Amino acid sequence: MSVLVYTESWNGIFRKSSFETVSYASETAKVLGTDVIAVSLEDVSDDELNKLGNYGATKVISVPNINKGDSQSAAKVFLDLSSDSSVIICSNTYTSKMIAPRLSVKMGAALLTNVISVSEGSDIQIKRKSFSTKAIETAKSNTEKTILCIAPNSFGLIETGGSCTIEKIDFSESGSLSFDGQETASGKISISEAEIVVSGGRGLKGPENWGMIEELADVLGAATACSKPVSDIGWRPHSEHVGQTGITVTSDLYIAIGISGAIQHLAGVNSSKVMVVINTDPEAPFFKAADYGIVGDAFEVVPHLIEEIKKLKN
Amino acid sequence: MNILVCISSVPDTTSKINFTENNTKFDANGIQFVINPYDEFGLTKAMMLKESTGGKVTIITVGDTTVEAVMRKALAIGADQAVRVNMNATDSFSTATEISNYITQNSFDLIIAGRESTDYNGGAVGGMIAEMTDLPFVNACIGLEVEGESAKLIREIDGGKEMISSSLPMVIGGQKGLVQESELRIPNMRGIMQSRTKPLQVIEPSSNTKNTSSVNFENPEAKGSCRMVDASNVSELVDLLHNEAKII
Ligand SMILES: Cc1cc2nc3c(=O)[nH]c(=O)nc-3n(C[C@H](O)[C@H](O)[C@H](O)COP(=O)(O)OP(=O)(O)OC[C@H]3O[C@@H](n4cnc5c(N)ncnc54)[C@H](O)[C@@H]3O)c2cc1C
Ligand SMILES: Nc1ncnc2c1ncn2[C@@H]1O[C@H](COP(=O)(O)O)[C@@H](O)[C@H]1O
């Protein structure tokens with residue numbers, strides 16, 4: 001009856017969202033009176049796998065030769081491993097959302113995505129973000145088994161100081177996709193997981209002015225993001241576009257610079273805990289949604305802000 | 001190429017979202033419905049593929065009669081024919097079941113869904129269709145080139161992209177990048193005239209097994225007022241973030 005949790009890894013490394021899913025699984029397991037088994041795909045070292053114990057996994061099953069993008073094979077692995085589990089948990093990433101829908105069909109299990117709360121009983125009922133974070137839905141599972149995809153940064157990490165055993169299994173099947181390589185910006189902090197996000201809009205006038213945005217992000221250890229028009233005109237890459245039709249931001253701190261605060265932008269960023277706005281126009285709608293605001297020219301305010309933060313950090 | 005584009009009809013992105021019947025039902029009163037933004041990219045991509053390789057573009061929507069306005073818009077953009085499954089789509093499993101049935105009864109080289117719908121944000125229908133029809137699936141697709149019986153794809157991954165090849169038929173979950181924003185097609189007068197006479201077939205659902213149900217909805221808590229800091233006093237902001245919000 002263990003709770004099964006898929007801990008997604010990137011090039012052999014777990015991220016905060018992987019540990020968050022294990023913490024979430026542990027809370028769920030407490031409610032159900034059972035334990036947590038983590039499943040890891042792709043090659044991950046024992047040292048890294050052992051970290052999962054600290055968040056409540058008692059056992060880790062490592063399946064090194066399955067590519068996580070191969071949802072056909074991944075779903076088969078999970079089907080095999082889940083015969084004894086009524087709840088399966090994963091993160092709300094694009095990759096997990098290739099595997100989870102397949103698995104839900106295979107298992108006849110309900111699938112609930114974008115989940116932000118733990119079910120209080122064994123009949124699974126949770127809160128989830130819907131209508132592009134303009135609403136929170138309470139939804140329930142009508143089936144015996146349920147798969148939950150947890151929204152990143154919506155559930156805190158809970159360290160238990162525990163440890164886990166590791167079991168490796170060989171699974172040699174592969175699906176019909178062929179994977180021809182990846183391109184990733186190395187060293188960049190991912191927006192969906194970042195604790196702080198620094199975001200720039202059309203008010204910054206041109207791509208040449210992003211130096212100060214990057215520097216501010218750098219001193220804060222933050223990810224950089226942008227509004228939709230900024231990525232549409234090509235000032236910044238598409239992967240930085242946040243909002244209703246871009247990446248959803250759920251950071252602790254979101255700093256919006258030269259962004260007006262259109263409803264489609266706000267919809268994707270307003271689940272951040274604290275929002276700071278810097279804008280020349282006191283009437284910019286963003287001030288209505290923000291916690292702290294400065295009416296001023298970004299080209300004057302941001303360099304000062306960088307200086308002040310550097311002072312603080314020293 | 002025979003292409004199926006799954007289109008969901010969603011509230012316009014500027015809509016204020018409200019609920020009725022004791023917060024159990026979405027209040028569609030006064031709401032303008034549009035083609036789900038992710039599906040718009042898929043529809044335009046389908047039109048382009050049809051123009052370069054020949055074939056036909058069919059759109060399918062699961063919904064009651066109210067979704068037909070959005071379906072006519074897709075026809076006006078250039079889809080050849082439309083199919084509506086006459087069922088209220090409130091659960092991704094039952095929606096995917098109906099679309100899969102249609103795919104099995106007709107044959108398609110490519111099925112394009114969106115990464116997610118902006119109303120219930122399930123992000124599930126495309127993957128479920130792939131499993132039900134036993135086809136390969138690539139989600140969050142930002143690039144697609146078809147060469148004969150196979151496809152080269154790019155998918156968005158956390159912090160980057162991944163290149164993939166697949167045989168056809170397959171299912172994709174599309175989004176911006178499939179085509180650029182500037183390439184998106186909008187209906188012209190001729191398209192709108194033609195859309196009125198294009199076939200819009202209505203079929204009845206085969207079953208209606210819902211794996212999930214909605215209990216109720218709430219709107220997120222409203223923020224308190226914004227604390228303004230003078231532009232000449234940036235250190236105060238840093239102080240507030242450090243000592244009050246305790247966030248840096
Ligand atoms: C279907 C649809 C989906 C959409 N999805 C998204 C989405 O996901 N994300 C998104 O961001 N948008 C989205 N939009 C677009 C959205 O409606 C707005 O057009 C967009 O967010 C505006 O971007 P912006 O704030 O950067 O630019 P603008 O609206 O042009 O605002 C620029 C701001 O900068 C300020 N400014 C100017 N100079 C300075 C300066 N020197 N210092 C400081 N401030 C300055 C101005 O006062 C202004 O408030 C969508 C629109 C549609 C129709
Ligand atoms: N009612 C529907 N009718 C047709 N297609 C749908 C419907 N709901 C969802 N889809 C398709 O599935 C994608 C993902 O939707 P969802 O799983 O609801 O987030 C959408 O972008 C559509 O392409």
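Each reported figure results from applying straightforward, stated rules to the coordinates on display, with no laboratory input. Keep in mind the model is a prediction, meaning the values are calculated, not measured. All Cβ positions, even for glycine, are placed from backbone atoms using ideal geometry, and neighbour counts span all protein chains on display.
Some points to look at:
- Charged side chains reduced to their Cβ positions (Lys and Arg at +1, Asp and Glu at -1) give segment A:2-168 a dipole of some 620 debye around its Cα centre.
- Largest mean-square fluctuation among A:157, A:112, A:52, in a Gaussian network model of chain A whose springs join Cα atoms under 10 Å apart, belongs to A:157.
- The local environment of residue B:129, defined by Cβ-Cβ distances under 15 Å, has a net charge of -3 under the rule Lys, Arg +1 and Asp, Glu -1.
- In chain B, the sites counted are GluC sites (Glu not before Pro) in DSSP loop states with at most 12 other Cβ atoms within 10 Å, and the longest stretch holding none of them, exclusive of the sites, is B:22-148.
- The C-alpha atoms of chain B define a longest principal axis, and helix B:37-53 lies at about 30 degrees to it.
- Cα-based shape type of segment A:191-313, given that a ≥ b ≥ c are square roots of the gyration tensor eigenvalues and the cut on a/c is 1.5: rounded
- Interatomic Cα distance distribution for segment B:2-221, bins of 10 angstrom, percent: 8, 35, 37, 17, 3, 0
- Think of each Lys and Arg Cβ as +1 and each Asp and Glu Cβ as -1; about the Cα centre, that makes the dipole of segment A:198-240 roughly 220 debye.
- Proximal aspartates and glutamates to residue B:176, defined as alpha-carbon separation beneath 19 angstrom and excluding residues fewer than eight positions away on the same chain: A:183, A:232, A:240, B:12, B:39, B:40, B:116, B:119, B:145, B:156, B:158, B:162
- The separation of segment A:152-202 from segment B:116-137, counted between C-alpha centres, amounts to 21 Å.
- Shape category assigned to segment A:78-139 from the gyration tensor of Cα positions, a/c cut at 1.5: oblate
- Longest DSSP-loop-exposure-free segment, trypsin sites (Lys or Arg not before Pro), chain A, at most 14 other Cβ within 10 Å: A:1-204
- Segment A:1-19 and segment A:292-313 have Cα centres lying 37 Å from one another.
- Residue pairs, from the table A:127/B:56; A:51/A:97; A:97/A:310; B:56/B:161, whose Cα atoms sit over 32 Å apart: A:127/B:56; A:97/A:310
- The protein assembly as shown - charge dipole about Cα centre, Lys and Arg +1 at Cβ, Asp and Glu -1, debye rounded to 20: 1220 debye
- Its DSSP H runs of at least 4 residues, each contributing -39,500 (n - 2.57), put the calculated 222 nm mean residue ellipticity of chain B at -7500 deg cm²/dmol, to the nearest 500.
- Within 10 Å of the Cβ of each residue in A:227-236, the mean number of Cβ atoms contributed by other protein chains is 1.
- For chain A, a Gaussian network of Cα nodes joined below 10 Å ranks A:49, A:177, A:253 by mean-square fluctuation, and the top entry is A:177.
- With only Cα atoms counted, the protein assembly as shown has Rg and Dmax values of 23.3, 70 Å.
- Cross-link partners of residue A:30 among aspartates and glutamates, defined as those whose alpha carbon lies under 17 angstrom from its own and excluding same-chain residues fewer than eight positions apart: A:20, A:84, A:120, A:123, A:159.
- Between the Cα long axis of helix A:298-313 and the first principal axis of chain A there is an angle of about 60°, rounded to the nearest 10.
- Normalising the average separation of contacting C-alpha pairs (under 8 angstrom, six or more residues apart) by the number of residues puts the relative contact order of segment A:191-313 at 25 percent.
- Summarising the strand pairing of chain B, around 45 percent of its internal DSSP beta bridges are antiparallel.
- With Cα atoms defining each centre, segment A:64-118 and segment B:1-80 are spaced 28 Å apart in the structure.
- Think of segment B:88-228 as a dipole: +1 on every Lys or Arg Cβ, -1 on every Asp or Glu Cβ, centred on the Cα centre; then among B:154, B:177, B:106, B:177 lies furthest on the positive end.
- Dipole-positive endmost among A:10, B:194, B:29 within the protein assembly as shown (Cβ charges, Cα centre): B:194
- In chain A, the sites counted are GluC sites (Glu not before Pro) in DSSP loop states with at most 14 other Cβ atoms within 10 Å, and the longest stretch holding none of them, exclusive of the sites, is A:1-119.
- Overall form of segment A:2-168 per C-alpha gyration tensor (a/c, 1.5; a/b vs b/c): rounded
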